[in-house]
Every structure is written in C-alpha cells, then in structure tokens.
Amino acid sequence: DTGVSQNPRHKITKRGQNVTFRCDPISEHNRLYWYRQTLGQGPEFLTYFQNEAQLEKSRLLSDRFSAERPKGSFSTLEIQRTEQGDSAMYLCASSLQSEQFFGPGTRLTVL
Amino acid sequence: GESVGLHLPTLSVQEGDNSIINCAYSNSASDYFIWYKQESGKGPQFIIDIRSNMDKRQGQRVTVLLNKTVKHLSLQIAATQPGDSAVYFCAENWLINNNDMRFGAGTRLTVKP
C-alpha cells in the first residue's frame, strides 16, 4: 500500500454514460498525475496537477475527459459519454519530488 | 535469463537464478529513469531509479544500469524469487518537465520454482 487510494476500484457502465473516479494522494504530496493503462501496455500519461493547478492537459485523450483538483488535495477524473474503447485501468499517482507513488487503479469496463 | 523488453515481452527464469530485463528508451533528453514492478490487479510499485549522471545504481538484490550512448536501461535481479514474478516497466522522465513520464510496454517475468 503506497498511501494513494482510488475509488471505486471497479466500475462497469453502459456506453454513453458518464463516470467519475476519485484519487486521494499521499497528504503532503503537491503533485498528482492521472494515467490510463490498457492490457499489456505501460501506463499512458493523461494529465498532471501541481497543487490545484492543472499544468498539463494536452495529453487527455479527448474532450470527453476532464480532471479537477479543486482544493489541491483529492482529484477526480471524469469521462463523459463513455465508449467501449475507454475500457482500461485508470491510475493515479502522487509525488513530492521525482518519485511517483501509484494507487491501485480503477478498472473501467464499458459495455 | 535476459529479455530485450519490447521484442521479448516475457522472461522465464528458475528460482535462484539472476534475471536481466532490458529496456530501450526514446528521448535523449531524458535524465531520470525508473523501474517499476506491477503485480496483477495492482498499481506500479517503484523498485529503483537512476539519474543520467550515473551509469549504475544498486539496491537490495536489484541493480540498474544506464547506457546513455545507446539509450539502454537494464534491471538486474539477483537470486530471483517467486515473489519477483510480475510485469516490469521502465520509465523515462525529463525532470525539468516532470509532468510527462513515459513508460515502456513492459516485460513479464515468471519465476519457476
């Protein structure tokens, strides 16, 4: 257990529905990252926060994806109008310096 | 046992043998490299890191070697144990641009008892 928690751990949804995932980082970590991981592949960077500021979002997969970190602590990742291709593991990581600590991920299945 | 990462995504070794997992990275500007271990159903777990001003770093039973000339990274695991069975990812980062860590595709290590 790295101290990064994610909820829910599993989410099954129907195509077209919106989903939201939550990440609680290690409390003193100011940086928070979201990644997507598909089967057999390494994590793919999506977006990054330093405190509450979203400093990189160009790598979000489409305009259906959005992330927030309103108070610089927990973060949410929302996917609107889900598609079957969104099925993947969504990982959150946090860091204070260079080492990133990953949460257990949220596995999304879109039917 | 030894793998070449993307070209041989699986590596099978006998318990007690040494393992070598290889990785080719892409960005010559990368200055920070990390090896992660990922077990089924879990997030990646940090194993060891190395900065570009070093060519070797040792941890407990693990050694990372960095060859910047050919952009190659390797992870050596000594006396491999069944608990080492997992997928291993190398990741590269450009610390001034810390927001974008790039992962390789991974190598699955299986340790046979």
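Descriptive notes on the structure:
- The condition (being modelled with pLDDT under 95 and of a type in the set (D, E, K, R)) is satisfied by just one residue among B:61, B:51, B:57: B:51.
- Count of the range A:57-87 residues which are small (Gly, Ala, Ser), more than 12 Å from chain B (Cβ to nearest Cβ) and closer than 18 Å to residue A:32 by Cα: 5
- Qualifying residue in the range B:78-89 (condition: within 14 Å of chain A (Cβ to nearest Cβ), farther than 30 Å from residue A:8 by Cβ, touching a residue at least 40 places away in the same chain (Cβ under 8 Å) and not polar (S, T, N, Q)): no
- Taken as a whole, the structure leaves residue A:107 outside the set of residues that are of a type in the set (D, E, K, R) and within 20 Å of residue B:91 (Cα to Cα).
- For residue B:39, the conditions (1) touching a Leu at 6+ places or on another chain (Cβ under 8 Å); (2) within 11 Å of chain A (Cβ to nearest Cβ) are fulfilled apart from (1).
- Residue that is surrounded by the fewest Cβ atoms within 10 Å (Cβ to Cβ) [pool: residues in the range B:42-63 that are more than 14 Å from chain A (Cβ to nearest Cβ) and either in contact with a helix residue (DSSP H, G or I) (Cβ under 6 Å, 6 or more places away or on another chain) or not in a loop (DSSP other than H, G, I, E, B) (or both)]: B:56
- The lone exception for residue A:90 - which of (1) more than 10 Å from chain B (Cβ to nearest Cβ); (2) under 24 Å from residue B:108 (Cα atoms); (3) surrounded by fewer than 21 Cβ atoms within 10 Å (Cβ to Cβ) it fails: (3)
- Residue B:99 meets each of the listed conditions (1) modelled with pLDDT under 95; (2) part of a strand (DSSP E or B); (3) among the polar types (S, T, N, Q) apart from (2).
- In this entry, residue A:98 is excluded by the filter for residues that are over 18 Å from residue A:20 (Cβ atoms), under 13 Å from the mean Cα position of the chain (by Cα) and within 14 Å of chain B (Cβ to nearest Cβ).
- Filtered by the rule that a residue be within 11 Å of the chain's Cα centre (by Cα) and either at pLDDT below 95 or closer than 30 Å to residue A:7 by Cβ (or both), the range B:6-24 gives B:22, B:23, B:24.
The values are calculated or read from the model by the stated rules, or taken from the named source; none is laboratory data. Computed from a prediction, not measured in an experiment: that's the story for all the values here. Don't worry about glycine lacking a Cβ; one is built from the backbone with ideal geometry, like all the others, and counts go over all protein chains shown.
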